[in-house]
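Take a look at the structure set out below.
The values are calculated or read from the model by the stated rules, or taken from the named source; none is laboratory data. Owing to the predicted nature of the structure, the values given are computational and were not obtained by experimental measurement. No Cβ is skipped: glycine too gets one built from the backbone with ideal geometry, and neighbour counts run over all protein chains shown. What goes into the accessible areas is simple: the full protein's heavy atoms, side chains included, and nothing from ligands, DNA or RNA. Shrake-Rupley method; radii C 1.70, N 1.55, O 1.52, S 1.80 Å.
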Amino acid sequence: MSSAGPVTLDLPLRKLFINGKWEEPDSAQHIDVVNPATGELVGCVPDGNACDVDRAVAAARGNFESRAWRGLDPSKREKILWNIGELLLKHRDELAAIITRENGKTLRESVGADILPASDVFRYYAGWVRKIYGETIPVDGPYLNYTLREPVGVVGAIVPWNFPLQLACWKIAPALACGCSVVLKPSELTPLNALKLAAICQEAGLPDGTLNVVTGYGETAGRALSLHMDVDKISFTGGTDTGRRLLEASAVSNLKRVTLELGGKSPHIVFPDCDLDAVVKGAFWGIFGGKGEICSAGSRLLVHQDVHDRLLDDLVSRARRLKLGNPMEKLTQMGSQISGRQMDRILDFIQSGKDEGAKLLCGGERDTEGEKAKGFFIKPTIFGEVTPRMKIAREEIFGPVLSAIRFRDVNEAVEIANGTMYGLAAAVWTRDIRLAHRVAADVRAGSVWVNTYNAFDSGTPFGGYKQSGFGRDLGSYALEQYTNVKSVWVAL
């Protein structure tokens, strides 16, 4: 594996982006950003603390109260959001190199699953700026009654490391379209792309204080943001346990609005009349795309007993041919896990599968061949003979591990699919359209794909049922999360 070299950033590192300026942090403490595929240092960012969060929130509040952003003509706000989308494409190569070196995913994935969707979501919400309005309601008496849809205020956006740019933009774009001001807290593992995003937003003409970025750890900077009395809303994507803590923080602070997109244990439900070739492709990339570090990863494969063995044989054969390696190289198909800690967590799950009697069909170990020994690579792993009560079938692994479970009929399949605390996504594979609609209705998940997997669009809502969270990113539904509705009565 050749050395990727340092990221060249036209940004002052070790500084925060607050009120349109690169500010010194309160503390000299910093966080090293390390390339998980090579172990090389990518850069350093501030270890932001509560004082830094205070300054960022004050800047966002000042922007909001002065109407520096929300008071602009809608056509001007629309143009700025559109410009951000275009500039993300202009800086695509630099952003892709940053994301790949921070995260360990392939360049192809950094472009196709982070940058292009991020650009599209800004252009999509640019189109909403002039379409967010209330209504006139007929009421009894000599009154005119109408509603206004107003921005909620200062938004704290806390995003994870797996799709760092895309998920940040899923939150920032609709918040800005509604007229809110934002403080972004990126993951400490992937903060550099967030700083580049801030510079791009400034280049596009976003007024000072509209978007502020504080890097740091969740237990410090994230907690300070969640408890802040001048933050009106938190939008979070990440783990379920952290989601619970954010709800607690809202309760003990100012009852700020919280929306949560949390973990998943998403099932593929494969019926015997399916297009088996399509299932192999969909199930394969549904778990091994993004190294399995995807909240909607199809980590459970529920297969009818009539096609179970053939499907698994095809998947195992394909998994053994998957090329792991330097994510900066064109031919690499799967990169490194995000960190040694995450790698160890995945390996612990794999061991639990073995201990509980699942049959390891391929993978199941760290890949240390050649230069991969410097990184955190796990071979694509498939377990057969998994039962619904096993740990690998119930808990989110967040890695390239697929658990295959047999079923006999549709009722059993639905029962197994709904048998975890999660409800983020699911897939149904069948040529029977009536069966597909029936199962899609019965599965408790926020997204159900039929004969495909992980299809997304900026106009379609995404979010979870049960302990996968509540609220929605994307589409018109996201606008509800960033606005308040005011009823106005006028005596006539």
Given the criteria surrounded by fewer than 22 Cβ atoms within 10 Å (Cβ to Cβ), modelled with pLDDT of 95 or more and touching a strand residue (DSSP E or B) at 6+ places or on another chain (Cβ under 9 Å), does Leu184 qualify? no
Subset of the range 306-344, residues among the basic types (Lys, Arg) and surrounded by 15 or more Cβ atoms within 10 Å (Cβ to Cβ), comes to Arg318
Expected output for the range 125-137 (first residue touching a residue at least 24 places away in the same chain (Cβ under 8 Å) and farther than 13 Å from Leu176 by Cβ, partner open to solvent by 60 Å² or more (accessible area, probe 1.4 Å) and part of a strand (DSSP E or B), Cβ below 6 Å, 6+ apart or cross-chain) is Gly134/Tyr146; Gly134/Leu148; Gly134/Arg149
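Does Gly357 qualify as being in contact (Cβ under 8 Å) with a residue 12 or more places away in the chain and exposed (fewer than 15 other Cβ atoms within 10 Å of the Cβ)?
Criteria met by Gly357.
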| said: Quick check on Ala455: is it closer than 30 Å to Arg257 by Cα, among the small types (Gly, Ala, Ser) and in contact with a helix residue (DSSP H, G or I) (Cβ under 8 Å, 6 or more places away or on another chain)? | reply: no
Of the residues in the range 170-190 that are in contact (Cβ under 8 Å) with a residue 60 or more places away in the chain and part of a helix (DSSP H, G or I), the one that is nearest to Lys131 (Cα to Cα) is Ala177
Looking across the range 462-487 at residues that are in contact with a strand residue (DSSP E or B) (Cβ under 7 Å, 6 or more places away or on another chain) and part of a loop (DSSP other than H, G, I, E, B), the single one that is most open to solvent (accessible area, probe 1.4 Å) is Gln467
Just one listed residue, out of Ala168, Ala198, Ala177, Ala204, is closer than 18 Å to Pro46 by Cβ and more than 16 Å from the chain's Cα centre (by Cα), and it is Ala198
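Given the structure, is Ile397 of a type in the set (A, V, I, L, M), assigned to a loop (DSSP other than H, G, I, E, B) and at pLDDT 95 or above?
yes
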Exercise for the section: Take Leu72 and decide whether it is at pLDDT 95 or above, open to solvent by 10 Å² or more (accessible area, probe 1.4 Å) and more than 24 Å from the chain's Cα centre (by Cα). Expected result: yes
When (1) touching a Lys or Arg at 6+ places or on another chain (Cβ under 7 Å); (2) within 29 Å of Phe462 (Cβ to Cβ) are applied to His308, the one that fails is (2)
Selection from the range 135-147 of residues assigned to a loop (DSSP other than H, G, I, E, B) and open to solvent by 60 Å² or more (accessible area, probe 1.4 Å) yields Glu135, Pro138, Asp140, Pro142
ask   = Taking the condition in a helix (DSSP H, G or I), crowded, with 19+ Cβ neighbours inside 10 Å and not aromatic (Phe, Trp, Tyr), does Leu167 pass?
value = yes
(Q) Considering only the range 40-47, I want to know if a residue exists there that is among the β-branched types (Val, Ile, Thr) and open to solvent by 10 Å² or more (accessible area, probe 1.4 Å). (A) yes
The residue that is most open to solvent (accessible area, probe 1.4 Å), considering only those in the range 405-455 that are in a loop (DSSP other than H, G, I, E, B) and of a type in the set (A, V, I, L, M, F, W, C), is Met421
When the range 84-98 is checked residue by residue, the ones that are under 18 Å from Ala173 (Cβ atoms) and open to solvent by less than 40 Å² (accessible area, probe 1.4 Å) are Ile84, Gly85, Leu87, Leu88, His91, Leu95
Of the residues that make up the range 148-164, is at least one assigned to a loop (DSSP other than H, G, I, E, B), aliphatic (A, V, I, L, M) and within 20 Å of Asp120 (Cα to Cα)?
yes
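Residue by residue, here is whether (1) under 13 Å from Pro207 (Cα atoms); (2) among the aromatic types (Phe, Trp, Tyr) holds:
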{"position": "Ala68", "(1), (2)": "yes, no"}
{"position": "Trp82", "(1), (2)": "no, yes"}
{"position": "Lys90", "(1), (2)": "no, no"}
{"position": "Ile98", "(1), (2)": "no, no"}
{"position": "Val111", "(1), (2)": "no, no"}
{"position": "Pro117", "(1), (2)": "no, no"}
